[in-house]
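Read the structure below first, then the notes.
The values are calculated or read from the model by the stated rules, or taken from the named source; none is laboratory data. The structure presented is a predicted model; accordingly, all values stated were derived computationally and were not measured. Cβ sites come from the backbone with ideal geometry, for glycine too, and all protein chains shown count toward neighbours.
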Amino acid sequence: MAEKENIIREESAQADVVSRLHGDKVIWVIFFLLSLISIALIYSSSSSLAYMKGSTNFAILMKQIRFVVLGLAALYICYKVPPRWWRTLSIWSMLLAIGLLVLTQAIGKTTNDAQRWLSIGGIQFQPAEFAKVAIVLYLARALEIMNIDTYKSFLLKIIAPVGICIVLILVGSVSAAIYMALICFIILFIAGVKMSYIMKTIGLGAAAVALLILLHVTFGLFPRMDTAIERIKRFTQNEESVDKEKMDKRALQRLADETLQADMAQIAVKEGSLLGKGPGKSTQRYVLPHPYSDYIYSIIIEEYGIWGGMLVLMLYVWFFYRCVLIVKECRTVFAAITVGGLGAVIMVQAMLHILVNVGIFPVTGHTLPLISLGGTSFIIISGAFGIILSISRTKEDAQAEIEERERLEKEQKRLERQRQQEMHDREAKHEQAKQDAMSQEERDAYLRQRYADQLGSDE
């Protein structure tokens, strides 16, 4: 009996915790599922990293669990912040993002031939990840409040700040800059910005790209541009056009090294087949570069098969679908653009990672959101989830407030009708008692008088 009561108490406590989590419940579930998948996969795929660092898989697992806990804390904090605060912080976040990106180019740390990391107070992070969220928040706020009656004001108030941020992202990652620019254009189009403004901006953007390429060729300002061009060349190069017989051993080795990542990822995907090798049984994790980050999706397919890969893909699709549903119910421009923009950033990054891993896209170096070995990306994307849930929670609270107001109005009307009925009943009882106390002659005289009064009022 006591055991049964404990079970009931535990179930009620769990139900109480779930009931306190407002906002879109599906997005909450997706976040926890992706985090759990991340923990399992990092333990399985981090053997090469553990060997290089002289550590163990378990130590890296504990590090990832810390990132998951920090990510959950970031999500909860952002979830509890009301949307009106995000409106206030949007402009400042954009200024902070530009400042951090400038600092990255001045004193940032170079890793894997890319200057993306900034260290402040002993904490290393990638400002570009923060800048993605800041761009969406700034666009949402700018399109909501700014009076854009001329193209000049549109250019100065929206395109210039966003353009500066994207150019600074371009220094560290060409693919991230390109997909953020595309997302911004989609946001502007959906927000109803004049098509003439968008077309003029596309023309200016093309001219800006040509200028950036010229500056790079002349001064070498964007080293990642060479990397991107080489990756595209390797991806589009036809194997038949490469005459390997005329190459010496060194040239053949260099060619193999250039395509190593894509080749090993393809082997992992093919060996996974339909059902996979099973959890922890990947063999490509020992030879595939960055199997715990840039190529973790290929490890998912190798260990869990195509079905496992499809399950992960559907979680991202499901997440984006829920974001679209939230956007449809948003009542303000800021809320709609913020949810749609952040959902698109997460979805596009996930799709880029997946398409690279299965060989449909050239190498980009993007991690799989909330699954790859975390750090800056995991925590900031968790915060983006929190902002989406904050807006969803506010929408829920607003709907609950409307329903409560309607319920109170109905209750007030019911009480008013009840009060009037009670008053009518009291008057009728008083009238009856008064008539009962009269004699027959007095009653007849009283009724005649009331009848005469009534006739007079009708006239």
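Would you confirm, using the coordinates I've provided, whether residue 46 is among the polar types (S, T, N, Q) and either modelled with pLDDT under 85 or farther than 28 Å from residue 291 by Cβ (or both)? Spell out the reasoning first.
On the way: among the polar types (S, T, N, Q): yes; either modelled with pLDDT under 85 or farther than 28 Å from residue 291 by Cβ (or both): no.
Taking the combined requirement at face value, the residue does not satisfy it.
Restricted to the range 268-282, and to residues there that are free of Cβ contacts under 8 Å to residues at least 40 places away in the same chain and assigned to a loop (DSSP other than H, G, I, E, B), the residue that is surrounded by the most Cβ atoms within 10 Å (Cβ to Cβ) is 276.
Here's the yes/no breakdown for (1) in contact with a Phe, Trp or Tyr (Cβ under 8 Å, 6 or more places away or on another chain); (2) β-branched (Val, Ile, Thr); (3) under 25 Å from residue 117 (Cβ atoms):
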| residue | (1), (2), (3) |
| --- | --- |
| 160 | no, no, no |
| 167 | no, yes, yes |
| 173 | no, no, yes |
| 179 | no, no, yes |
| 183 | no, yes, yes |
| 187 | no, yes, no |
| 203 | no, no, no |
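The single condition among (1) surrounded by fewer than 22 Cβ atoms within 10 Å (Cβ to Cβ); (2) free of Cβ contacts under 8 Å to residues at least 40 places away in the same chain; (3) under 20 Å from the mean Cα position of the chain (by Cα) that residue 127 does not meet is (1).
For every residue, the table says whether it meets (1) surrounded by fewer than 16 Cβ atoms within 10 Å (Cβ to Cβ); (2) under 22 Å from residue 183 (Cα atoms); (3) without any contact (Cβ under 8 Å) to a residue 24 or more places away in the chain.
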{"site": "95", "(1), (2), (3)": "yes, yes, yes"}
{"site": "98", "(1), (2), (3)": "no, yes, no"}
{"site": "109", "(1), (2), (3)": "yes, no, yes"}
{"site": "117", "(1), (2), (3)": "no, no, yes"}
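Please tell me if residue 162 is under 18 Å from residue 137 (Cβ atoms) and not in a helix (DSSP H, G or I). Judged against the criteria, residue 162 is not a match. Among the numbered conditions (1) over 26 Å from the mean Cα position of the chain (by Cα); (2) surrounded by 11 or more Cβ atoms within 10 Å (Cβ to Cβ); (3) modelled with pLDDT under 85, the only one that residue 23 does not meet is (1). Are any residues in the range 77-92 closer than 21 Å to residue 374 by Cβ and surrounded by 15 or more Cβ atoms within 10 Å (Cβ to Cβ), and if so, which ones? Across the range 77-92, the qualifying residues are 78, 79. All of 103, 89 fail the test of being part of a helix (DSSP H, G or I), out of contact with any Asp or Glu (no Cβ under 6 Å at 6 or more places or on another chain), closer than 21 Å to residue 393 by Cα and without any contact (Cβ under 8 Å) to a residue 60 or more places away in the chain, apart from 89.
Pull up the range 199-237, narrow it to residues that are assigned to a loop (DSSP other than H, G, I, E, B) and not polar (S, T, N, Q), then point me to the one that is surrounded by the fewest Cβ atoms within 10 Å (Cβ to Cβ). Step through it out loud before you land on a result.
Applying the first criterion (assigned to a loop (DSSP other than H, G, I, E, B)) to the range 199-237 yields 220-222, 237.
Those left that are additionally not polar (S, T, N, Q): 220-222.
On the way: 220: 10, 221: 14, 222: 20.
Applying the filter and picking the extreme gives 220.
Please work out which residue is modelled with the lowest pLDDT, limiting yourself to the range 353-381 and to residues that are surrounded by 24 or more Cβ atoms within 10 Å (Cβ to Cβ) and of a type in the set (S, T, N, Q). Checked the range 353-381; the qualifying residue modelled with the lowest pLDDT is 377.
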